[in-house]
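Just below is one structure, and these are the notes that go with it.
The values are calculated or read from the model by the stated rules, or taken from the named source; none is laboratory data. Nothing here was measured: the structure is a model prediction, and the numbers come from that model. Cβ placement follows ideal geometry from the backbone for every residue including glycine, while neighbour counts extend to all protein chains displayed. The accessibility values were calculated without ligands, DNA or RNA, using every heavy atom of the protein model including side chains. Shrake-Rupley method; radii C 1.70, N 1.55, O 1.52, S 1.80 Å.
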Amino acid sequence: DYVHEGIGLDRLDEPERVRTLRVESPFDFAAQALLAVPRDVPDPANPRYEAATHAAIRRIVQATGGGTFVLFTAYGALNRAVEALAPDLERAGLKVLRQGETNRQLLLERFVGDPRSVLFATDSFWEGVDVRGDALRCVVITRLPFRVPTEPIEEARVEEIQRRGGNPFMEHALPQAVIKLKQGFGRLIRSRTDRGAVVLLDSRVVTKFYGKVFLESLPPARRLVAPAEAVLGEIDRFFAAPASGTGCAG
């Protein structure tokens, strides 16, 4: 519906002229991927949120031994995380890469070339990046990717929805964020033999009324929604299991 409205197909006099087909993924997400959500991470508006996410990121990448994308929605949060975590991670033998220190292609080459790399990135790494195999085995998404409508065309769309009495959040901001989250999740499983985990560090996906929309839009990976300590323990076990398995039952 969101796509149809965006390109005007909802205005056709004969709606039956539009035919749609949903083609399922060829990947076995239930066997290949784990989606983990620590439900007790503070809300992003809480002053304790960043410290909690930094602690979780540190634990996750220690479990994965690298091969991890850590995705942010803003450069400021990205840079603060790198400053807080890089010394500890580098002492543990991990290679810390940060978007902005060189061009995207070179960053990807460095990431793929070192299995103990952790790439801290933002917008352009949520989509259009294809890293297959063991080089990328975990994606950490720090918060739901809601956009602030600062561009004139975005502001105009919001104003148009308001003008006709619609709800800009439900009709525009939420669908955009859902699509972006699906793109971020999609960085992980790129072939039939890939295996890994996506960890979403934004508890709003289980505490807010709109969280269900995000979860229902994601591929059918095995899911774990639990307190942070239980999630981190499962991540430890998942990456300690041999690649021929698919993690622990749950």
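A few points about this structure:
- Comparing Asp40, Asp13, Asp236 in a Gaussian network model of the chain where C-alpha atoms under 10 Å apart are linked, the largest mean-square fluctuation is found at Asp13.
- Proximal charge balance of Ala31 [Cβ under 12 Å; K/R count +1, D/E count -1]: +1
- Simple rule: put +1 on each Lys or Arg Cβ and -1 on each Asp or Glu Cβ in the chain, find the dipole, and look at Gly233, Ala51, Val158; the Cα lying farthest toward the positive end is Gly233.
- Spatial separation of Cα centroids for region 145-162 and region 56-110, in angstrom: 31
- Positive minus negative residues near Thr102 (Lys, Arg vs Asp, Glu; Cβ under 11 Å): +1
- Share of carbon and sulfur in the accessible heavy-atom surface of the chain [1.4 Å probe, %]: 51
- Dipole size of region 29-81 about its Cα centre, with +1 on Lys/Arg Cβ and -1 on Asp/Glu Cβ: approximately 120 debye, rounded to the nearest 20.
- Once the chain from Asp43 to Asp114 is taken as fully extended at 0.36 nm per residue, the excess over their C-alpha distance is 22.2 nm.
- Normalised per residue, the accessible area of the chain is 52 Å², obtained with a 1.4 Å probe and no contribution from ligands, DNA or RNA.
- Residue-count net charge about Glu216 - beta-carbon cut-off 12 Å; Lys, Arg +1, Asp, Glu -1: +3
- Set of aspartates and glutamates with alpha-carbon distance to Lys208 below 16 Å, sequence-local pairs under 8 removed: Asp40, Asp43, Glu216
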